[in-house]
Amino acid sequence: MNRSIKVITSAALLAGAALLFAGHPFPASAAPASAQDVYLDKCSVCHGQDGAGSTAKGRKLKVKNVRSPEVQKLSEAEMIDIVAKGKGKDMDGFGKELGDDMVKQLVTYYRSLAKS
């Protein structure tokens, strides 16, 4: 008798869950983050929202202002390499975590900060 109640309860829970999610399929993957979102999440702690590097951590580490002519004159390949592999002991590389496409989008976003 006790076993029957457990089986019926389990079946009812499964059926209820099936009905609940039947009309609401989960997406295959979450919407991809924009380069701006990734920049704000990963980069702005040092480089700041505007790229000036004027955050407390940025000043301590003496990060470059990404809007400066010195940084903007770097080639796309050089900037991609820095974002992907990191620079010095204080800047982590993000290539493995973010992938080639997002690294390129980040470089484009960095370049856009100089135009703001």
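Considering (1) modelled with pLDDT of 95 or more; (2) surrounded by 14 or more Cβ atoms within 10 Å (Cβ to Cβ); (3) among the polar types (S, T, N, Q), say which one SER75 fails and leave the rest.
Just one mismatch for SER75, condition (2).
Out of the residues in the stretch 75-98 that are within 18 Å of the chain's Cα centre (by Cα) and not in a helix (DSSP H, G or I), which is farthest from LYS42 (Cα to Cα)?
Once the filter is applied, the top-ranked residue is GLY86.
Might you check whether a residue that is in contact with a helix residue (DSSP H, G or I) (Cβ under 7 Å, 6 or more places away or on another chain), buried (at least 17 other Cβ atoms within 10 Å of the Cβ) and either farther than 20 Å from ALA33 by Cα or of a type in the set (Asp, Glu) (or both) occurs anywhere in the stretch 97-106?
Checking the stretch 97-106: not a single residue is in contact with a helix residue (DSSP H, G or I) (Cβ under 7 Å, 6 or more places away or on another chain), buried (at least 17 other Cβ atoms within 10 Å of the Cβ) and either farther than 20 Å from ALA33 by Cα or of a type in the set (Asp, Glu) (or both).
Does ARG111 count as modelled with pLDDT under 95, not β-branched (Val, Ile, Thr) and not in a helix (DSSP H, G or I)?
no
Tally time: how many residues in the stretch 99-108 are under 13 Å from the mean Cα position of the chain (by Cα) and either closer than 18 Å to CYS46 by Cα or in a loop (DSSP other than H, G, I, E, B) (or both)?
Going through the stretch 99-108 one residue at a time, the tally reaches 2.
Restricting to the stretch 55-74, and then to whatever is out of contact with any helix residue (DSSP H, G or I) (no Cβ under 9 Å at 6 or more places or on another chain) and not in a helix (DSSP H, G or I), can you tell me which residue is farthest from TYR110 (Cα to Cα)?
This residue is LYS62.
Return yes or no: is ASP37 out of contact with any Cys (no Cβ under 8 Å at 6 or more places or on another chain), assigned to a helix (DSSP H, G or I) and either at pLDDT 50 or above or loosely packed, with under 13 Cβ neighbours inside 10 Å (or both)?
When the stated conditions are applied, ASP37 passes them.
The values are calculated or read from the model by the stated rules, or taken from the named source; none is laboratory data. Remember, it's a predicted structure, so these values are computed and weren't measured experimentally. Please note: Cβ atoms are built from the backbone with ideal geometry, for glycine as well, and neighbour counts cover all protein chains shown.
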